[in-house]
Each structure stands twice: as C-alpha cells, then as structure tokens.
Amino acid sequence: MRDVYIIGTGIHPWMGFSEQVFADFAAVAVDSALKDANIEWKRIQAIMAGIFIYGGNAGHLSGQYLESIFGETGIPVVNVYNACATGSASIRMAYNSIAAGETDTALAFGADVSPKGFLTAKSDNAVQDRDVIRWKMGGLPNPIYWALECRKRMEKYGTTEEDLALVKVLMSEYGSKNPDARFKKVYSLEEVLNSVYVCDPLRLYEICPVSTGAAAVIVTADKELISKADKPVKINATTMGSAIYGDPTIRISALSCPAVPEAPMLSESYSASRQAYEKSGIGPEDIDVLELPDNSSWHYLVYLETCGFCKEGEADKMLRDGETKITGKLPVNPSGGFSSHGEALSAQALWQVIECANQLRGRCGERQVKNPKTAMAQTYGLMGNSGTTIMTI
C-alpha cells in the first residue's frame, strides 16, 4: 500500500436553503481544491462523489454532473451514499484507490442543499423504507433520538443543562472566527439557556440545523505533485464502521433498542475509530486536533467517550476544566463544529477532514491550534454509518 497525501482542499461556505443548483456549489469547492493543489482538472484520475440524496436523478449522479462543468475525461466516477457519513465513504474510496495503485490522483467531493426544516424520509414507500414507518408511526425527527439519549446521560452521569449550554458557547466562539461557518454569532451561557426547548432537554441553540454547503479534497501518491504541494498532509488511516449488535443507542430510524446492552454506545463510531487507531498506529492520546460530529451538545460529550479520549461519564469534566478548548489538552472542533455550520449531508465529513488538514497546515488564523502534528476527523450517519480519518504532517 502506498502513502497517500492531501494536496488540495476547497469549501463552498455553509449557508441556509438555496434554490441554486447543487453542482454549482460543488464547482466552487472543486475549483478551490484544484487551485490549492496547483493542478489542472485533467490530472484527476478518479472521482468519488458524495450524492445529493434530495436531488433526484441528478443528485444521485452528482459526479457526472460535476464532470459536465469541468470536462468529461473518461475516468472512473463513483457516486456514493452513507447518509451523513457519505463524505467519509468518498474519501476512503479515493484513498484506497490510490493506496492500492489503481490511480495516482483522485478527487473526493460532496455538495448538499438540505431541505427546509427537519430531515425527513427520502421516499413514501413504507413497505421498503423503514424510515417512512418511523415518521408515520412516531413522527420522530432526529433531535428526539438525541434528546432521549441525552436524558439517559443526565440520569446516569449527572450531565447538567449548563454543561450542554457550555458546548454551544464554546462552539459559537470558534464559529465566529471561521469564514466558512454559517453561524457567526457568539452566544453567552444565559442566551443558550434561555433558548426554547426543541426536544427536552435539548434547546434550540444546542442542536444543529440542516444547511447547504460543499467540500472537496484532492489526494495523491504522485511524488511530483506532493513535492510541489503547500504542506501536504498524510492520511494515516481512513475507515468506515457499522453498528454492532447489542448497541444500546436508539439508532435513528429504529423505534427501539436492545434492553440489555451487549455492545458500546454508538458502536459504528467505536468501530470506525478503533479501526483507524489500529491501521495508523496512532491512538487517542496522540491526537492534537479533533473534529467530532456535534449534531447536538450531547454528541459533543458522548463522542469524546465513544472514541476513547476519556472514560464513560468523564467528558463533562473535560469540558468544564477547559481541556477541550483550542488552548487545552485536546482541542475539539476549532472549526466551530456542526453547531456553527449545520448538516450538509454529503459534504460535512469532508469539511471536517479539511478543517483538520488546514490546522496541520497552519491556515486557521485566530482558530489555529499551536503546532499540531496529528489530527482526527470523526463523523456518523443514519442507520449505523461512521467514518474516521487520521492525518499527520
């Protein structure tokens, strides 16, 4: 297996709902990535495209639509979907294609124009699509699942409403300094605690909305391109995990969970992170920058534990003690997280990788972590999908 490096990244800034064509957002991100890598489009030998699930046939063939903008060159184009971990799947496929010697240089990208309001079922076929049953029987939007787990955490570990609000306060501080973030207002603890409940105990400012955005990453094993790149970032591991039977998490789309736990919480992410640690030889104690999926304040806390950065029930103390600040022992989400961006399904995992790469390349201005050498991006998606990418410079 060959070493694979990130040499170019690009983002279309996150924003609210738009009537603009999704491929136009993708084009902005891809063009930026090409310029960052200082290469021409014809050097791309494979495209791994995260599909735009709400875009009909066009969205499901997003790679071909991107080619119609930049040029059709006959290369392999693979359109992938793993719910909110779609970006993780696309960069993993690009990495594996290069590491195995099939191609030298590849593009992974995702672009999403999320619908207004909650993310709903993608079909109306209750026979084939369990997600339809979830909505028809229970009317359960995603935050209800998060709130149920959060309430369990509060009872078990003593997590307080102030802890949940503090996550948003910290994320808003970082988001205000990120030009690509959608939300740039800095919130006080009082403002967060005074925001309305969406699903008790989670308040409006403690959950992320749906958003529009695009992200692109160019990876290569081409020594010439690596030598010319501005601070190339090595991918040490990029993995995908799925759920393990007996996981006590109430998984989105399901209406129940095992009564007797036989696997870790968020087992798909437990699996993805442990695979990455094993493949890279890098453990949680070695990570200098961490981007995790803070879909809600509960996620921020539980992911520190699921991915092995502390023991169960200890994340609240890490937060309170300032260990997760940019100046702390483990800087978490210096981008401002999903809290400052929102979910753009096929793009968000790639944006997390880009934030990590930019931190390693020293490009983050006021949000810059001091001299990071190792970074990790972690995301998860519907029905037991998760991805982890570990990078070094």
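Do we find a residue being of a type in the set (Gly, Ala, Ser) and open to solvent by 50 Å² or more (accessible area, probe 1.4 Å) anywhere in region 53-72? Yes, region 53-72 contains a residue that is of a type in the set (Gly, Ala, Ser) and open to solvent by 50 Å² or more (accessible area, probe 1.4 Å). For region 363-390, a tally of residues being polar (S, T, N, Q) and farther than 14 Å from Ile91 by Cα returns 4. Taking each residue of region 41-53 that is at pLDDT below 95 and looking for partners that are open to solvent by 30 Å² or more (accessible area, probe 1.4 Å) and part of a loop (DSSP other than H, G, I, E, B) with beta-carbon atoms closer than 8 Å, six or more apart or interchain, yields Ile51/Leu61; Ile51/Tyr81; Ile53/Tyr81; Ile53/Lys122.
Only residues that are aliphatic (A, V, I, L, M) and either out of contact with any strand residue (DSSP E or B) (no Cβ under 8 Å at 6 or more places or on another chain) or part of a helix (DSSP H, G or I) (or both): list them for region 8-40, please. Please lay out each step first, then the result.
Step one: list which residues in region 8-40 are aliphatic (A, V, I, L, M), which gives 11, 15, 21, 23, 26-30, 33-34, 37, 39.
Answer for region 8-40, where residues must be aliphatic (A, V, I, L, M) and either out of contact with any strand residue (DSSP E or B) (no Cβ under 8 Å at 6 or more places or on another chain) or part of a helix (DSSP H, G or I) (or both): Val21, Ala23, Ala26, Ala27, Val28, Ala29, Val30, Ala33, Leu34, Ala37.
In region 345-355 there is no residue that is surrounded by fewer than 24 Cβ atoms within 10 Å (Cβ to Cβ) and either over 29 Å from Cys257 (Cα atoms) or not β-branched (Val, Ile, Thr) (or both).
Working only within region 285-304, note down all residues that are open to solvent by 10 Å² or more (accessible area, probe 1.4 Å) and free of Cβ contacts under 8 Å to residues at least 40 places away in the same chain. Matches in region 285-304: Glu285 only. Among the residues making up region 144-153, those that are in contact with a Pro (Cβ under 8 Å, 6 or more places away or on another chain) and surrounded by 17 or more Cβ atoms within 10 Å (Cβ to Cβ) are Ala147, Cys150.
Remark: pairs (first residue in region 341-363, in contact (Cβ under 8 Å) with a residue 40 or more places away in the chain; second residue part of a loop (DSSP other than H, G, I, E, B) and basic (Lys, Arg); Cβ separation under 9 Å; 6+ apart in sequence or on different chains) = His341/Arg182; Gly342/Arg182; Ala357/Lys231; Ala357/Arg363; Leu360/Lys231; Leu360/Lys373; Arg361/Lys231; Gly362/Lys231.
Note on region 259-273: residues that are among the charged types (D, E, K, R), assigned to a helix (DSSP H, G or I) and open to solvent by 40 Å² or more (accessible area, probe 1.4 Å) total 0. If you filter region 74-121 down to residues that are in contact (Cβ under 8 Å) with a residue 40 or more places away in the chain, part of a loop (DSSP other than H, G, I, E, B) and aliphatic (A, V, I, L, M), you find that the one that is most open to solvent (accessible area, probe 1.4 Å) is Ala100. Being modelled with pLDDT of 95 or more and of a type in the set (D, E, K, R) is the requirement here; does Arg274 meet it? Against the criterion (modelled with pLDDT of 95 or more and of a type in the set (D, E, K, R)), Arg274 qualifies.
The values are calculated or read from the model by the stated rules, or taken from the named source; none is laboratory data. Note that the structure is predicted; figures quoted are calculated from it, not measured. Please note: Cβ atoms are built from the backbone with ideal geometry, for glycine as well, and neighbour counts cover all protein chains shown. Side chains included, ligands, DNA and RNA excluded: accessible areas come from the protein's heavy atoms. Shrake-Rupley method; radii C 1.70, N 1.55, O 1.52, S 1.80 Å.
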